[in-house]
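Here, each number is a calculation from the coordinates, and none is a lab measurement. In this text, all values refer to a predicted model and were calculated from it rather than measured experimentally. Quick reminder, even Gly has a Cβ in these numbers, built from the backbone with ideal geometry, and neighbours come from all protein chains shown.
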Amino acid sequence: MAMTITEKILAKAAGKGKVAPGELIDANIDICLCVDVTTPPAITMLAEKGIDKVFDAEKIVVTPDHFQPAKDIKSAELHKRLDEWARRHKIKYYYKIGRAGVCHALLPEQGHIRPGEVIIGPDSHTCTYGAFAAFGTGIGSTDLAAALATGKLWFKVPASEKIVFNGSLCPGVYSKDVILAVIARIGVDGALYKAMEFVGPALAEMSMQARMTITNMAIEAGAKNGIMAFDEVTKQYLDEHLKDKTDYTVFESDDDAEYEAAEHFDCSAIEPMVALPHLPSGGVPITDCAGKAMDQAYIGSCTNGRIEDLRIAAKILKAKKVAIRTIVVPATPTIWKQAMDEGLFDIFYDAGCVIAAPTCGACLGGFMGVLAEGEKCISTTNRNFVGRMGHPKSEVYLASPATAAATAIEGKLTDPRKYILKS
Amino acid sequence: MAKAHVYKRDHINTDEIIPARYLNTDDEAELAKHCLEDLDVHFVKKVQPGDIIVAGSDFGCGSSREHAVWAIRGAGVKTVIAKSFARIFYRNAINNGFNIIELPEALKKINNADELQIDYQNGLIKNKTTGIDIKFAPLPDFALEIINDGGLLEHIKKK
């Protein structure tokens, strides 16, 4: 029977020859991510049930990130609970502060994401890992507790929807603009419960970092997972990043696999996009919204806090001054150091930006850039719900690092092509 | 009698259900104080134990925070009736043994402050205010099994 890549990975994880959409399976978990806000409750649940073990201390990756370094006393208590547990169970891959980073940037960078594997994490953007031809999905704390104890989790095999990227991106247009265009068309529940399988020539031209921005936001269309095929670009990234375990299985969708729907996009026609408040589906071309005054620019997060994102922003900010407060958050310590070594920090400093330590922080209204009443923020993050980055009467406008940087310079929503085509 | 708190909105998300500024704790009573705060600041003052939230489609979209379920349950809410649910919220509710009802005509057949009586066994909502009986499809068997066992961890222990 023909299967999609998602179905093949789940079949393997369930120890079955085949699975079909709608089928309930018990899947073996290859990597279990643990972060600071949602893992401590799982630890408490396990303790309450008298379960003081983990299924495999080498298949768990721990990093505090949402509120790290601790933003207040209660967050410090969460970190303490996570730290005590990780030490007690001798978790092999425990990234303590100094090496901790925004989880979905950190795990691929540190070589924990392999094709064909099932990765779960108590964070909705765990779907990011699908960029590596893996199955990644976000779960809650109870699911996490169950997975930590048993190494298994129940799943309903999702139907797949194909998202086809034709054409080629124009200068000044990035993968963030592409995924914002997708969500603008299909809506925030356009792929509810489904696997979004991204294919097409425009995708083949993208780097792994750019691809991760797309799979990262699959959840913003309601999807269970986002996934992409393995290719030379994937292989090269893995060759450079995998460390302890370098073998993996590559699955491909069969030509006659079944898809519930397909959406085609001509990427050559996509303009820089801005998702207006208060849904990620509020995307419009920058040409339709340019000129709106902003109070803050935020460049970071699991969506767009990787080194390529910082390079794109720095190129635009070079020898310029920002007109609004601009916060740059490299997503991991490695990215932070790389940005410093490449001289990007000098550019950001000279422009008047503040550079923060790796954290999810303000993306979810935690700290390091929270908005006051009535404030507007151009942000490279993934959500612009009411109150997402602070006061319930603040507003978040989602965009690429290029659009955020251009907007930072002018203090109002600005087409980045103006700066890119000039240089 | 359970009273319906109707929100005629789709995509009521986890940031509205429990804003991240309160996620520095996982204490259910503490979270409950801020339930639905960014959607309806008066909700926690209005809600009575056993009441019901009624909403549009894609309820609970956004973050994976199970705190959303805990905040709702902690506030005394007995169940959520929505046109549809976002998938992580759906899992989290089931895993916590918290019953939810998917009802495509939720907003058409239930008005704010209607008194409802729910028969989960037979998939029937009696709207005492309007006198209408509303049928609903019960959750799938695997989900009911988890709920009846008191949540996923108890369910696993039992297995």
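Annotations
- Over 26 Å (Cα to Cα) - which of A:K393/B:K8; A:K152/A:K194; B:K78/B:K126; A:K152/A:K337 fall in this group: A:K152/A:K337
- Look at the stretch B:29-41: the mean tally of other chain Cβ atoms within 10 Å of its residues' Cβ atoms is 1.
- Label-point separation, B:L144 to B:K3 (7 Å along Cα→Cβ), nm: 3.1 nm
- Ellipticity estimate at 222 nm from DSSP helix runs (n ≥ 4, -39,500 (n - 2.57)) divided over chain A, nearest 500: -9000 deg cm²/dmol
- Relative to the current alpha-carbon distance between A:D72 and A:R87, full extension at 0.36 nm per residue lengthens the span by 3.2 nm.
- Which of A:C267, A:T249, A:A319, positive extreme of dipole for the range A:211-339 (C-beta unit charges): A:A319
- Computed on the Cα trace of the range A:238-316, the radius of gyration divided by the Kirkwood hydrodynamic radius gives Rg/Rh = 1.08.
- Here the spin labels are modelled as points 7 Å beyond Cα on the Cα-Cβ line, and at B:D40 and A:K80 they lie 3.8 nm apart.
- The coefficient of translational diffusion for the protein assembly as shown, derived via Stokes-Einstein from the alpha carbon Kirkwood radius under 10 °C and 1.306 mPa s, stands at 67 µm²/s.
- Reach of A:K418 by Cα under 17 Å, taken over aspartates and glutamates that are not fewer than 8 positions away in the same chain: A:D177, A:E271, A:D288, A:E410
- Based on the convex hull around the alpha carbon atoms, chain B presents an average projected area of 8.7 nm².
- Short to long, the 5 Å bins of the Cα pair-distance histogram for the range A:274-416 hold 2, 12, 23, 26, 21, 11, 4, 1 percent of all pairs.
- Going from the fewest other Cβ atoms within 10 Å to the most, the residues B:D40, B:D51 appear in the order B:D40, B:D51.
- Percent antiparallel among DSSP beta bridges (both partners in the protein assembly as shown, rounded to 5): 25 percent
- In this simple spin-label approximation, A:K16 and A:T44 carry label points 7 Å from Cα along the Cα→Cβ vector, and these lie 3.6 nm apart.
- Charged-residue dipole, Cβ positions (Lys, Arg, Asp, Glu), the protein assembly as shown about Cα centre, Debye nearest 20: 1000 debye
- Averaged over the residues of B:8-18, the number of partner chain Cβ atoms lying within 10 Å of the residue Cβ comes to 4.
- For A:48-56, mean number of other protein chain Cβ atoms within 10 Å: 1
- 25 Å Cα-Cα threshold exceeded, pairs from A:K96/B:K159; A:K16/A:K156; A:K92/A:K243: A:K96/B:K159
- Antiparallel DSSP beta bridges within the range B:72-145, as percent of all bridges there, nearest 5: 75 percent
- Value of relative contact order over the range B:2-158, rounded to a whole percent, pairs C-alpha under 8 Å and six or more apart: 23 percent
- Exposure proxy ranking, count of Cβ atoms within 10 Å, fewest first, for A:R383, B:R21: B:R21, A:R383
- Over chain B, dividing the summed -39,500 (n - 2.57) contributions of all DSSP H runs of at least 4 residues by the number of residues returns a 222 nm mean residue ellipticity of -7000 deg cm²/dmol.
- Signed unit charges on C-beta, dipole axis of the range A:9-66, positive-most listed residue A:V37, A:A27, A:A11: A:A11
- Ranking B:H11, B:L139, B:W70 by Cα position along the charge dipole of chain B, where only Lys, Arg, Asp and Glu carry charges on their C-beta atoms, puts B:L139 farthest toward the positive end.
- Residues B:V47, A:V118, ranked from the fewest to the most other C-beta atoms within 10 Å, line up as B:V47, A:V118.
- Cβ-placed point charges (K, R +1; D, E -1), dipole of the range A:274-416 about Cα centre in debye, nearest 20: 80 debye
- Taken about its Cα centre, chain B carries a charge dipole of about 260 debye when Lys and Arg each add +1 at the Cβ and Asp and Glu each add -1 at the Cβ.
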